[in-house]
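Structure first, then comments.
The values are calculated or read from the model by the stated rules, or taken from the named source; none is laboratory data. Keep in mind that this is a model prediction, so the values were computed, not measured. Here the Cβ positions follow ideal geometry from the backbone for every residue, glycine too, while neighbour counts run over all protein chains shown.
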Amino acid sequence: MSWKTLTSKTIYDNAWMTVFEDNVVDPSGGEHLYGHVHFKNKAVAIVPLDDKGNTWIVGQSRFTIGEYSWEVPMGGSQPGEKPIDTARRELKEETGLTASTLTPLMRLHTSNSITDEEGFAFVARDLEAGEPSFDEMEDLTIRKLPLAEAINMVKRGEITDAISVAALLRLSVG
């Protein structure tokens, strides 16, 4: 048996997400109140790699966790936009880089116990430098470093964003 939704009620809704409260029956037959967050955009992350083994990460203050966060470049894919097109756009906006080659790295769910958010990560190669064009809410620090150092930052707990961690560790295992 799978989960069954008896009723669903919208608790909150904005341009980016909807929060639902659901009365559900779980696979063992128990009835529960369950909440979940539906994200309207898909998360798209990019790990740029140059021919010397360097990558770029971006740092910013994140309101939700109240901390400064180092992450791979990323953004939201609008409904109907292909994740690879989002990857091209976000890489350029956040780092100024353009990539001749974008290769899918992985698909993931960021926290599937409370959200249906779907994420995609790409590796960007054959890079050309340019000027970034941050969104109005972004105040990013761009850092170029060896990929091995970015992976070590994950291991030391200095990069904690889920999609960044997954993408960087996926690259570390081949």
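Numbers below:
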{"read-out": "Near pairs, Cβ below 9 angstrom, 6+ apart or cross-chain, from region 125-140 (in a loop (DSSP other than H, G, I, E, B)) to any residue that is among the small types (Gly, Ala, Ser)", "value": "Ala129/Gly96; Gly130/Gly96; Glu131/Gly96; Pro132/Gly96; Ser133/Gly96; Asp135/Gly75; Asp139/Ser61; Leu140/Gly59"}
{"read-out": "Pair list, Cβ < 8 Å and 6+ apart or interchain, from region 4-22 residues that are closer than 12 Å to Phe39 by Cα to residues that are assigned to a loop (DSSP other than H, G, I, E, B)", "value": "Ala15/Lys40; Trp16/Lys40; Trp16/Asn41; Met17/Lys40; Thr18/Lys40"}
{"read-out": "Count of residues meeting criterion [charged (D, E, K, R), more than 19 Å from the chain's Cα centre (by Cα) and part of a strand (DSSP E or B)] in region 13-44", "value": "4"}
{"read-out": "Selected residue (criterion: surrounded by the most Cβ atoms within 10 Å (Cβ to Cβ)) from residues of region 41-84 that are of a type in the set (D, E, K, R) and more than 17 Å from Glu128 (Cα to Cα)", "value": "Glu71"}
{"read-out": "Test result for Lys144, basic (Lys, Arg), in contact with a Phe, Trp or Tyr (Cβ under 7 Å, 6 or more places away or on another chain) and either without any contact (Cβ under 8 Å) to a residue 12 or more places away in the chain or surrounded by 12 or more Cβ atoms within 10 Å (Cβ to Cβ) (or both)", "value": "yes"}
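Conditions (1) closer than 19 Å to Leu97 by Cα; (2) in the same structural domain as Gly76 (by TED's automatic domain parsing), marked per residue:
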{"site": "Asn14", "(1), (2)": "no, no"}
{"site": "Val19", "(1), (2)": "no, no"}
{"site": "Pro27", "(1), (2)": "no, no"}
{"site": "Gly30", "(1), (2)": "no, no"}
{"site": "Asp51", "(1), (2)": "yes, yes"}
{"site": "Trp56", "(1), (2)": "yes, yes"}
{"site": "Arg62", "(1), (2)": "no, yes"}
